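Below is one structure, written out as structure tokens; the observations come after it.
Where a number appears in this text, it was derived from the coordinates with a stated rule and is not lab data. Please read all numbers here as calculations on a predicted model, not as lab measurements. Backbone-built Cβ (ideal geometry, glycine too); neighbour counts: all protein chains shown.
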Amino acid sequence: MTRGSQQAHIQRKDLIHPELSYRVVGALYDVFNDLGFGHLERVYQRAIAKRLQELRISYREQVLTSVPFHSTSIGKHYLDFLVEDKLVLELKQRQRLSRAGIDQILGYLHATHLQLGILATFTPGGVTYLRIVNTPGHIS
């Protein structure tokens with residue numbers, strides 16, 4: 001598989017949005033390779049936004065979503081990125097992924113009724129990420 005003008009064609013049927021997530025993860029690595037570790041989260045967010053634009057991947061930043069409960073909104077979330085209205089991308093600048101970050105993105109997926117999120121953190125050793133899937137019964 002090559003990156004750049006050619007897209008990877010991932011044929012696995014058991015993955016949700018495989019080509020999109022492959023491209024987003026590639027953008028994360030591109031940003032880390034250029035910037036390295038030690039920047040504020042907002043610096044990584046700006047760089048990711050620029051890289052997604054360069055790759056012609058549609059996205060929205062700081063997307064306000066409500067937390068529904070019995071047909072009413074009881075709170076709100078701000079998603080770092082909503083990519084192609086299919087994938088939630090949450091960025092962290094930490095030493096490692098945390099359970100709190102995983103729970104946060106699961107809450108976002110539940111609130112938006114989306115199936116896939118990527119939680120990414122920029123560590124001294126590189127980019128670490130998790131694909132997080134919102135499956136029926138996964139969140140109560």
Report task. Scan the stretch 70-86 for residues that are in contact (Cβ under 8 Å) with a residue 60 or more places away in the chain and not in a loop (DSSP other than H, G, I, E, B) and jot them down. Result -> V83
Report summary line: Filtering the stretch 51-69 for residues that are in a loop (DSSP other than H, G, I, E, B), of a type outside the set (V, I, T) and surrounded by 14 or more Cβ atoms within 10 Å (Cβ to Cβ) leaves a count of 1
